[in-house]
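Engineer: Here's a structure for you.
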Amino acid sequence: MTDLDWRIIVTLYEQKNITETAAKLFMSQPTLTKRLQKIEDELGITLAVRNKKGVSFTAEGEYAASQAKKIITLLNDTREGISVLSEKNKPSIKIGATNAFSRFFLPGILQNFKSLDTNMAFEIHTDYSNKIAKMVERSELDAGFIFGDIPFQGNKYHLGVNHGILVCSKPFALEDLPGMSRIDYSKDAFTQNLIDAWWHEHFTVPPNISMIATNGDTCREMVVNGLGYAIFTVEEFVADDSRLYKIPMTNSDGSPFVRNMWMIYRKDYEKNKVLQSFVNGIQTDKN
């Protein structure tokens with residue numbers, strides 16, 4: 001008896017009609033009839049008899065149908081259990097990333113790596129860059145993706161730079177900023193210190209911060225609606241937004257205001273073959 005045989009019994013019992021059962025199972029009526037005869041021969045019983053309304057199950061057929069339901073449930077539960085077990089046994093690593101990195105960069109990185117190793121599973125944790133660095137140092141995470149040159153005891157791999165950008169819903173100039181309302185969004189202390197240092201390089205008065213949003217998306221929409229200007233250290237938040245006027249941030253010497261992007265990973269990464277494969281894969285893809 002196959003899975004299909006048990007499903008035929010259950011479906012026929014539910015439909016009580018050969019034609020409707022064949023349609024439900026995407027079979028032709030003659031094929032279904034032959035299959036039913038084979039099932040009855042194998043079980044040594046008559047499942048059902050035809051009548052004007054369809055079919056009527058015999059006592060043996062009633063019992064076979066009730067058992068068939070149990071068998072199908074057991075088969076489905078077994079397959080699901082095996083699938084869950086296989087998923088749990090996949091090689092996996094714990095990765096940390098900032099919300100912005102997780103949104104704009106991490107999906108592409110993981111997609112490229114998964115094309116090389118489809119059997120890899122990932123557990124993703126999001127937090128500020130400085131907290132991710134500490135978690136990797138304590139081996140609570142295997143690897144992390146962070147912004148900025150945050151002190152870190154471990155291995156680092158440079159992924160590129162991200163440019164700071166000033167945005168507003170109307171035309172503005174750098175010298176206008178002290179008289180304008182600023183909308184900030186939550187950042188790690190390291191990044192906030194960089195922004196504060198940049199401000200003091202250019203201005204002698206403190207910024208007029210009128211609002212602090214919880215994330216970059218909310219901040220951007222507040223700016224779009226004319227509530228003030230904002231400083232974005234992840235330019236991807238606003239790069240393609242035609243509703244905003246933008247000024248690239250520069251340091252006092254004229255160089256661009258940038259933050260380095262890093263992949264960080266545990267000192268003992270070579271002891272973990274899964275992590276080593278991931279690190280090597282990212283480095284190979286980057287090169």
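Engineer: Inspect the stretch 62-75 for any residue being assigned to a loop (DSSP other than H, G, I, E, B), at pLDDT 90 or above and in contact with a strand residue (DSSP E or B) (Cβ under 7 Å, 6 or more places away or on another chain) and give the result as yes or no.
Structural biologist: Looking through the stretch 62-75, none of the residues is assigned to a loop (DSSP other than H, G, I, E, B), at pLDDT 90 or above and in contact with a strand residue (DSSP E or B) (Cβ under 7 Å, 6 or more places away or on another chain).
Engineer: Take THR250 and tell me if it is under 22 Å from PHE101 (Cβ atoms), of a type in the set (Ser, Thr, Tyr), surrounded by fewer than 19 Cβ atoms within 10 Å (Cβ to Cβ) and out of contact with any Asp or Glu (no Cβ under 8 Å at 6 or more places or on another chain). First the steps, then the outcome.
Structural biologist: Values: under 22 Å from PHE101 (Cβ atoms): no; of a type in the set (Ser, Thr, Tyr): yes; surrounded by fewer than 19 Cβ atoms within 10 Å (Cβ to Cβ): yes; out of contact with any Asp or Glu (no Cβ under 8 Å at 6 or more places or on another chain): yes.
Judged against the criteria, THR250 is not a match.
Engineer: Of the residues in the stretch 138-155, how many are surrounded by fewer than 17 Cβ atoms within 10 Å (Cβ to Cβ), in contact with a strand residue (DSSP E or B) (Cβ under 9 Å, 6 or more places away or on another chain) and closer than 24 Å to GLU123 by Cβ?
Structural biologist: 2
Engineer: Out of all the residues in the stretch 233-279, which are over 23 Å from the mean Cα position of the chain (by Cα) and assigned to a strand (DSSP E or B)?
Structural biologist: Matches in the stretch 233-279: TYR245, LYS246, ILE247, PRO248, THR250, PRO256, VAL258, ARG259, ASN260.
Engineer: Right, here's the next one. Just the residues that are part of a helix (DSSP H, G or I) and surrounded by fewer than 16 Cβ atoms within 10 Å (Cβ to Cβ), please, taken from the stretch 205-223.
Structural biologist: Scanning the stretch 205-223 gives ASP217, THR218, GLU221.
Engineer: Here's something else I'd like to know. Can you tell me which residues in the stretch 228-287 are at pLDDT 90 or above, touching a helix residue (DSSP H, G or I) at 6+ places or on another chain (Cβ under 7 Å) and β-branched (Val, Ile, Thr)?
Structural biologist: Hits for the stretch 228-287 are ILE231, THR233, VAL234, VAL238, ILE247, ILE264.
Engineer: Listed residues VAL274, VAL258, VAL234; which is within 20 Å of ALA97 (Cα to Cα) and in contact with a His (Cβ under 6 Å, 6 or more places away or on another chain)?
Structural biologist: The conditions single out VAL258.
Engineer: Being of a type in the set (A, V, I, L, M) and closer than 16 Å to GLY148 by Cβ narrows it down to one residue among LEU174, LEU166, LEU159; which is it? Step through it out loud before you land on a result.
Structural biologist: Working: LEU174 fails: closer than 16 Å to GLY148 by Cβ; LEU166 fails: closer than 16 Å to GLY148 by Cβ.
Going through LEU174, LEU166, LEU159 in turn, the sole match is LEU159.
Engineer: Let me ask another. Which members of the stretch 13-40 meet the condition of being in contact with a Lys or Arg (Cβ under 9 Å, 6 or more places away or on another chain), touching a residue at least 12 places away in the same chain (Cβ under 8 Å) and under 19 Å from THR58 (Cβ atoms)?
Structural biologist: TYR13, GLN15, LYS16, ASN17, ILE18
Engineer: Select, from ILE146, ILE150, ILE183, ILE132, the only residue that is of a type outside the set (Gly, Ala, Ser), in contact (Cβ under 8 Å) with a residue 40 or more places away in the chain, assigned by TED's automatic domain parsing to the domain that holds GLY281 and part of a strand (DSSP E or B). If you could, list the steps in order and put the result at the bottom.
Structural biologist: Values: ILE150 fails: part of a strand (DSSP E or B); ILE183 fails: assigned by TED's automatic domain parsing to the domain that holds GLY281; ILE132 fails: part of a strand (DSSP E or B).
Answer to the selection: ILE146.
The values are calculated or read from the model by the stated rules, or taken from the named source; none is laboratory data. Given the structure is predicted, the values throughout are model-derived calculations rather than measurements. Neighbour counts are summed over all protein chains in view; Cβ atoms, including those assigned to glycine, are modelled from backbone coordinates with ideal geometry.
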